[in-house]
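*Asks:* A single structure is presented below for examination.
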Amino acid sequence: MSAPPAAAEDLFLSVDGARLRFRDEGRGPAVILLHGWTLDLEMWDPQVRALRDTFRLIRFDRRGHGLSDGTCSASRDGADLAALCNHLGLTRVALIAMSQGVRGALRFACAAPAQVGALILDGPPALEAASDPDMPLETYAALVRNQGVGAFRREWARHALMALRTGNPEARALLAAMLERYQGSDLRHGAPRGDLAAAPVGLAAPVGLEALSAPALVLSGEHDLPRRRQAARRLATRLADAELAVIPGAGHLPNLDRPEAYSKLCRAFLTRHCIPRATS
């Protein structure tokens, strides 16, 4: 990783009981980036640095993460995303979402299919599952209640889904700082809900997953957990226009493990689908 981007201005938007932090950088077609559980908008620093010359990159801390307050909830992520688009006057966007952030991206896409020009879906969970066997959430909730969020952070930092393959000290420091900002509001409130629940996607929306026409890139790290790689393949078969990609040498956090390869893949896909071609 090269030097981090110059510090961008933190902006805030109040949405239905939560104050959400977001950043808005670059020029070009609008791309909104959604992070995963216990992370925040700063996970996308490498991609902002690589892509802001061509795209307008908007990223926000999902409620209950980073510097946003409220309790994280997958059922609210899509609505928060819609509120952010309305606030910024965005009528057409591409979405890059990773892990649990994929749920919010797909909820938004199903609710407003004409507003979404392209989707990049990274390391998705099994959307149809009632729980994720790779994430012992009840155990984590009990750990927070009995020993505090610090004990949870230490335990979660050792989980395979948080493991970095890269030895880059800046990537490791970035990941540690994000985890330190996570306050565990969802785990403190008892049984995991919202972001941690496998709520169905798009049931009350104008279209379901199979009817989404936006081109999609579904990607995984080569060394992500087997169930996550399987979920990515299954999601790609459900979408009408999807392609699969694998980031070599990366785990569940490929944008940090292999930032150059990840950003190059995103640039190529977004350029193909979001930048108008010149006509002779």
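Bear in mind these aren't lab numbers, they're just calculated from the coordinates by the rules spelled out. All of these numbers come straight from a predicted model, not from anything done at the bench. For neighbour counting, all protein chains shown are included, and Cβ atoms are generated from backbone atoms with ideal geometry for every residue, glycine included.
*Asks:* Modelled label-to-label distance, R154 and R181, 7 Å Cα→beta-carbon offset: nm?
*Replies:* Reported label-point gap for R154 and R181 is 2.4 nm.
*Asks:* What list do you get for D134, D122, D40 if you sort them by fewest beta carbons within 10 Å?
*Replies:* Fewest-to-most ranking of D134, D122, D40: D134, D40, D122.
*Asks:* Which Cα, out of G249, M135, P276, lies furthest along the positive dipole direction of the chain (beta carbon charges, K/R +1, D/E -1)?
*Replies:* It is P276, whose Cα lies furthest towards the positive end.
*Asks:* Cut-off is 10 Å between beta-carbons; in what order do M162, M135 appear when sorted fewest neighbours first?
*Replies:* Lowest count first: M135, M162.
*Asks:* Round to the nearest 10 and give me the degree value, 0 to 90, for the angle of helix 74-88's Cα axis relative to the longest principal axis of the chain.
*Replies:* 40 degrees
*Asks:* Tell me the trypsin sites (Lys or Arg not before Pro) within region 141-170 that lie in a loop according to DSSP and have at most 15 other beta-carbon atoms within 10 Å.
*Replies:* When the trypsin sites (Lys or Arg not before Pro) of region 141-170 are filtered for loop state and at most 15 Cβ neighbours within 10 Å, R158 remain.
*Asks:* Determine, at each q value in 0.11, 0.16, 0.21 (inverse angstroms), the log₁₀ of I(q)/I(0) that the Debye formula gives when each Cα of region 1-154 is one equal point scatterer.
*Replies:* -0.44, -0.91, -1.43
*Asks:* Size of the chain along its principal axes in angstrom, Cα-based, largest extent first?
*Replies:* Between the extreme Cα coordinates on each principal axis of the chain lie 67, 44, 38 Å.
*Asks:* What number does region 63-108 give for Rg over Rh if you use C-alpha atoms and the Kirkwood radius?
*Replies:* Here Rg/Rh amounts to 0.96.
*Asks:* Which FRET efficiency value, to the nearest 0.05, do you get for D241 and H87 by plugging their Cβ-Cβ distance into 1/(1 + (r/R0)^6) with R0 = 25 Å?
*Replies:* Efficiency computed from Cβ-Cβ geometry: 0.30.
*Asks:* Could you compute the FRET efficiency for E128 and E222, with r as their C-beta to C-beta distance and R0 at 22 Å, rounded to 0.05?
*Replies:* 0.35
*Asks:* In what order do T237, T271 fall by count of nearby beta-carbon atoms within 10 Å, going from fewest to most?
*Replies:* Ascending Cβ contact count within 10 Å gives the list T237, T271.
*Asks:* Another question, then. Mean-square fluctuation check for the chain, GNM, Cα pairs under 10 Å: which of A142, A74, A82 is largest?
*Replies:* With Cα springs under 10 Å in the chain, the top fluctuation among A142, A74, A82 is at A142.
*Asks:* Charges at C-beta only: +1 for Lys and Arg, -1 for Asp and Glu. How large is the resulting dipole of the chain about its Cα centre, in Debye rounded to 20?
*Replies:* Dipole size: approximately 240 debye.
*Asks:* Let me ask something additional. Of the trypsin sites (Lys or Arg not before Pro) in region 52-95, which ones lie in a loop per DSSP and count no more than 16 other C-beta atoms within 10 Å?
*Replies:* R92
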